[in-house]
Structures are given as structure tokens and as C-alpha cells.
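Asker: The following block contains the structure, expressed as C-alpha cells.
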Amino acid sequence: MNTIPLSILFLTVSFPLLTLAISPAELAVTAVCSSTHDPNLCTSTTVRFAGSYPLTSINAKTVLEMHLLATSRRASAAKEKAAKLAGKSPPAIAGALRDCMSLYGNIIDLIGVSTRAIGADDQQTKLMVNIGLMQIRQAVQQCDMSFQKMKVKNPVMHFDGSLLKMSINCDDLNNIM
């Protein structure tokens with residue numbers, strides 16, 4: 001007797017229902033994010049902002065704006081976490097965390113400049129945004145190097161890793177605009 005495994009039957013019945021739960025805006029963001037180095041990270045951090053844009057305007061430029069906003073929020077969270085940790089860390093680690101806080105502040109500023117520049121839609125502006133994104137990656141690496149020099153694990157490394165990946169995704173989005 002031929003029996004269908006229960007898991008296949010479940011997927012067959014539930015898949016059409018799952019696709020109905022995804023909004024057209026989410027599908028549009030997912031399609032644009034599919035061209036990045038980390039499509040899942042791009043989609044998961046960006047899709048929450050999709051509702052602020054008309055569906056017909058979701059393209060590489062608007063997804064870049066959304067992803068920059070998500071990156072800025074991540075940098076703010078990293079800065080906040082570094083401040084909390086600095087308050088209860090030994091002096092050398094607290095100093096490195098304060099350096100990271102300053103670097104995260106720079107990242108937030110660079111994202112602000114990049115976000116304002118996107119509207120120009122020209123090659124020179126794209127280059128300026130690329131340079132800003134490169135500076136973001138350098139800031140993250142500089143934060144990590146402070147701890148490497150002390151041969152201590154970076155307590156905000158998980159933030160640095162995601163900020164690095166998010167800036168690479170932003171570069172990808174900027175390049176496909």
C-alpha cells in the first residue's frame with residue numbers, strides 16, 4: 001500500500017496558506033534582497049519598514065533606504081550595549097568599549113549622510129555612498145582590533161558581525177540601483 005508521509009501531506013496543504021500570509025510589499029523586498037550577499041539578513045531586517053512605502057515604489061533604492069535605517073538602528077543598539085558594558089568592565093576593556101561607542105556614533109552619522117545622498121541618483125553620489133559604507137566596515141573592524149590587541153574577546157562582536165554583513169548588503173543594493 002502506498003502511503004504519503006504525514007510531513008509531505010502537511011507541507012502540501014499548508015504551503016499555499018503560508019504564501020497567502022506574505023504581503024506584496026514583503027515579496028517585493030524579498031525579491032530585491034535576493035541580489036545581496038545575505039538575502040535572509042537583508043529581508044529580515046528590512047521588511048518591517050516596507051509598509052511605509054507604496055508598493056509600486058519598492059525597488060533597490062527604497063530597500064537601500066530601509067536597510068540603512070535598519071543598520072543605523074543596529075549601530076544604536078550596539079552603542080547602547082557598549083555603554084552598559086563599559087560601566088561594569090575593567091579600565092582597559094572599558095576604554096576599548098568607549099572607543100567602539102564613538103565608532104558606532106560615527107557609523108550612525110555616516111548612515112545619515114548616505115541616506116540623504118541617495119536621493120541624488122547619480123554616479124558620483126553612488127560612489128560617495130560606497131565610500132561611506134566602506135568607512136562603516138573600517139569602523140567595525142577598528143572596534144574589533146581594540147580587543148584583538150589586548151587578546152580579549154570583543155563583548156560586542158555579535159553587533160560588529162551583523163553591522164559588517166548589513167553594510168555589505170547595503171553596498172550590494174547601492175550597486176544595483
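Asker: Anything in the stretch 131-167 that is more than 14 Å from residue 107 (Cα to Cα) and hydrophobic (A, V, I, L, M, F, W, C)? List them, or say none.
Answerer: If the condition is that a residue be more than 14 Å from residue 107 (Cα to Cα) and hydrophobic (A, V, I, L, M, F, W, C), then 145, 147, 150, 152, 156, 157 are the ones that fit.
Asker: Another question about this same structure. May I ask you to say which residue of 162, 146, 167 is buried (at least 22 other Cβ atoms within 10 Å of the Cβ) and not in a loop (DSSP other than H, G, I, E, B)?
Answerer: Step by step, each of 162, 146, 167 is checked, and only 167 is buried (at least 22 other Cβ atoms within 10 Å of the Cβ) and not in a loop (DSSP other than H, G, I, E, B).
Asker: Moving on to the next point. How many residues, within the stretch 40-58, are free of Cβ contacts under 8 Å to residues at least 40 places away in the same chain and open to solvent by less than 50 Å² (accessible area, probe 1.4 Å)?
Answerer: The number of residues fulfilling the criteria is 7.
Asker: Just checking, which of 106, 174, 154 is surrounded by 15 or more Cβ atoms within 10 Å (Cβ to Cβ) and touching a Lys or Arg at 6+ places or on another chain (Cβ under 7 Å)?
Answerer: Just one listed residue meets the conditions, 174.
Asker: Starting from the stretch 96-111, keep only residues that are charged (D, E, K, R), then list their pairs with residues that are in a helix (DSSP H, G or I) whose Cβ atoms are within a distance under 8 Å, requiring at least 6 positions of separation or different chains.
Answerer: What qualifies is 98/82; 98/86; 99/142; 99/143; 99/146.
Table: residues versus (1) touching a Ser or Thr at 6+ places or on another chain (Cβ under 7 Å); (2) more than 16 Å from residue 170 (Cα to Cα); (3) of a type in the set (Val, Ile, Thr).
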position	(1), (2), (3)
106	no, yes, no
111	yes, no, yes
114	no, no, no
117	yes, no, no
122	no, yes, no
127	no, no, no
134	no, no, no
139	no, no, no
144	no, yes, no
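Asker: Please go through the stretch 59-77 and give me each residue that is open to solvent by 20 Å² or more (accessible area, probe 1.4 Å) and hydrophobic (A, V, I, L, M, F, W, C), ordered by number.
Answerer: 69, 77, listed by residue number.
The values are calculated or read from the model by the stated rules, or taken from the named source; none is laboratory data. Predicted, not measured: the structure shown is a model, and the values here were computed from it. For neighbour counting, all protein chains shown are included, and Cβ atoms are generated from backbone atoms with ideal geometry for every residue, glycine included. The protein model used for the area step is the full one, side chains on, heavy atoms only, and it has no ligands, DNA or RNA in it. Shrake-Rupley method; radii C 1.70, N 1.55, O 1.52, S 1.80 Å.
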